[in-house]
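Below: the structure, in structure tokens.
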Amino acid sequence: MKRLPATTVYYGLSFGGHLPTWVVMSVYLVQQLHLSPLQLVLMGTAMEAAVFLFEVPTGVVADTYSRRLSLVIGYLGMGLAWLAVGLVSAPWLIIALWGFWGFAYTFTSGAEEAWIADEVGADRVGPIFLRATRWGQVGAVVGLLLQVAVGTQSLRAGVILGGVFTILCGLGCILVMPETGFRRRRRAERASALAEMRTTAVTGARYAWAAPVIVLLVAVDFFMGTSSEAFDRLKEAHFLRDVGLPAVGQLEPVVWFGAFWLVGMLLGIVAIGPLIKRVERGGRRVVIDFLFAFTALQMVAMLVFALTASTWVAIAALLGVFFSRDLGIPLYTTWLNAQVTDSSVRATVFSIGGQANAIGQAGGGPVLGAIGNVWGIRAALATGALAIGPALGLYARAIAHHGREPELAELPAPAAVD
């Protein structure tokens with residue numbers, strides 16, 4: 001089968017990878033399987049523990065052997081794990097499967113960004129990240145509508161459909177993904193497989209720690225990971241058990257949560273176009289300023305969501321979190337990618353950031369889950385929101401560095417390492 005253009009495949013993966021929706025999964029776990037707050041958070045902890053253990057090793061696979069191979073393994077593994085959650089009911093087995101989902105995810109984390117940067121050029125990839133976010137939002141809307149429609153009839157079937165979507169992404173990588181920018185070393189230049197992977201891992205780690213901006217961004221990822229776990233796992237339970245859903249009609253909870261996600265996605269789709277233009281015109285300063293603003297908005301919105309007693313205020317705060325995350329993530333990716341001028345360690349550097357996020361989630365998740373069990377979901381959500389504070393401080397330092405560093409496209413590589 002003919003390989004498609006790299007940008008077409010990247011946008012397609014962004015679309016297809018966002019078709020599975022957590023909305024149906026979360027309602028299935030809370031309403032049908034009755035998982036406790038601690039069990040819900042432990043799902044995330046198992047996933048992030050797997051990410052912590054395997055993020056860098058699997059990033060090394062992408063840098064040493066093949067970005068495409070890494071993506072195929074990742075998408076197929078994630079799809080099978082998601083599908084299997086819809087087939088079982090035991091909490092311990094669901095937690096284990098979500099840990100496997102995290103392991104499979106590490107094969108895609110960093111590899112996808114490194115692949116498209118190699119195919120189109122690191123200096124041209126920033127707007128592509130943002131446009132891919134728009135395609136991802138469209139995919140999330142389509143997937144939401146399809147899975148909610150199925151979920152109103154059977155939550156279990158809605159979950160299984162999400163796994164099928166991800167498996168199709170893996171099959172698409174096998175059939176149509178090109179890989180022309182990545183160059184594996186010639187056989188005569190290679191050491192053993194383990195030695196190759198060790199060399200790539202060490203080189204990537206040294207590269208990251210030699211660049212102050214990369215160190216700063218890795219630290220930001222740690223605090224954002226610490227913050228996110230409570231919100232990601234407990235927001236639906238917060239509505240169902242604390243705040244309540246709007247008393248309008250006789251809509252099922254899965255429909256309400258689907259509507260919240262749909263509105264959030266539409267807000268992101270509308271806002272991403274002007275943001276792309278601002279980044280193309282303003283460069284690094286715009287990226288940093290908007291990252292700071294979106295991170296501050298996320299913290300405030302999370303606090304309001306945790307503390308309000310009003311259903312409608314909670315919905316508005318929820319949309320604020322969705323909005324700030326959707327627009328902040330591609331800006332973060334753009335900034336980090338610009339710091340990595342050595343393609344041979346690009347996926348590994350991205351994986352180091354992902355590992356920091358995983359450490360934050362795996363370390364903070366059980367603590368926040370325990371807070372939720374003892375003092376209630378509100379306390380867990382509020383504590384998670386406050387964990388964003390240090391990330392704001394790190395972004396403030398980045399703004400202070402702005403006048404002392406060249407623009408994104410002109411940033412020099414860190415000192416070479418032996």
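The values are calculated or read from the model by the stated rules, or taken from the named source; none is laboratory data. In this text the structure is predicted, and so the values were computed from the model without any measurement. Don't worry about glycine lacking a Cβ; one is built from the backbone with ideal geometry, like all the others, and counts go over all protein chains shown. Heads up: the accessible areas ignore ligands, DNA and RNA and are worked out on the full protein's heavy atoms, side chains in. Shrake-Rupley method; radii C 1.70, N 1.55, O 1.52, S 1.80 Å.
Test of the criteria: in the range 3-71, which trypsin sites (Lys or Arg not before Pro) are in a DSSP loop and have at most 14 other Cβ atoms within 10 angstrom of their Cβ? Could the numbers behind the result be given before it?
Values: sites: Arg3, Arg67, Arg68; in loops: Arg3.
The qualifying sites are Arg3.
Can you tell me the accessible area per residue over the chain, all protein chains present, probe 1.4 angstrom, in square angstrom?
Spelled out: the 1.4 Å probe surface of the chain, per residue, equals 40 Å².
Could you tell me which of rounded, prolate or oblate describes the range 207-300, using a ≥ b ≥ c as the square roots of the eigenvalues of the alpha-carbon gyration tensor, with rounded for a/c under 1.5 and, failing that, prolate when a/b is larger than b/c and oblate otherwise?
Note, shape of the range 207-300 comes out oblate.
Please find the FRET efficiency linking Ser154 to Thr7, where r is the Cβ-Cβ separation and R0 is fixed at 35 Å, and quote it to the nearest 0.05. Write down the numbers at each step before the final one.
Values: r = 37 Å, r/R0 = 1.06.
That gives a FRET efficiency of 0.40.
Using only alpha carbon pairs under 8 Å that are at least six residues apart, calculate the relative contact order of the range 55-155 and give it in whole percent.
Value for the range 55-155: 30 percent.
Between Ser89 and Leu175, what is 0.36 nm times their sequence separation minus the Cα-Cα distance? Round to one decimal in nm. Walk me through the numbers on the way to the answer.
On the way: separation 86, 0.36 × 86 = 30.96 nm, distance 3.42 nm.
Additional length available on full extension: 27.5 nm.
What is the angle, in °, between the Cα long axis of helix 253-282 and the longest principal axis of the Cα atoms in the chain? Nearest 10 is fine, range 0 to 90.
30 degrees
For the pair Leu168/Ala293, report the inter-label distance in nm, with labels modelled 7 Å from Cα in the Cβ direction.
Each label point lies 7 Å from its Cα, and together they span 3.6 nm.
Along Cα→Cβ, 7 Å out, is where each label goes; now give me the distance between the ones at Leu386 and Val286 in nm to one decimal.
Placing both labels 7 Å beyond Cα along the Cβ direction yields 3.7 nm.
Go ahead and set up a Gaussian network model of the chain, Cα springs under 10 Å, then flag whichever of Asp242, Asp326, Asp221 fluctuates most.
Asp242
What order do Leu240, Leu291 take when sorted by accessible area (1.4 Å probe), most exposed first?
Listed by decreasing accessible area, they come as Leu240, Leu291.
Rounding to the nearest 10 and keeping the result within 0 to 90°, find how far the Cα-based axis of helix 111-120 lies from the longest principal axis of the chain.
Once rounded, the angle reads 50 degrees.
Given the options Gln32, Gln137, Gln147, which has the most mean-square fluctuation in a GNM of the chain, springs set between C-alpha atoms less than 10 angstrom apart?
Gln32
Considering Cα pairs under 8 angstrom that are at least six residues apart, work out the relative contact order of the chain and quote it in whole percent.
Computed over the chain, the figure is 29 percent.
In Å, what Rg and Dmax follow from the Cα atoms of the chain?
Here Rg and the maximum Cα pair distance are 20.6, 69 Å.
Just to confirm the number: angle between the C-alpha axis of helix 6-17 and the first principal axis of the chain, 0 to 90 degrees, nearest 10?
20 degrees
Could you work out what % of the accessible surface of the chain is carbon and sulfur, using a 1.4 angstrom probe and leaving DNA, RNA and ligands out of the count?
Details: 11080 of 16570 Å².
Percent of accessible area from carbon and sulfur atoms in the chain: 67.
With runs of 4+ DSSP H residues as the only contributors, calculate the mean residue ellipticity of the chain at 222 nm using -39,500 (n - 2.57) per run, divided by the residue total and rounded to the nearest 500.
-26500 deg cm²/dmol
Gain in length, Val248 to Ser310, computed as 0.36 nm per residue apart minus the alpha-carbon separation, to one decimal in nm?
20.9 nm
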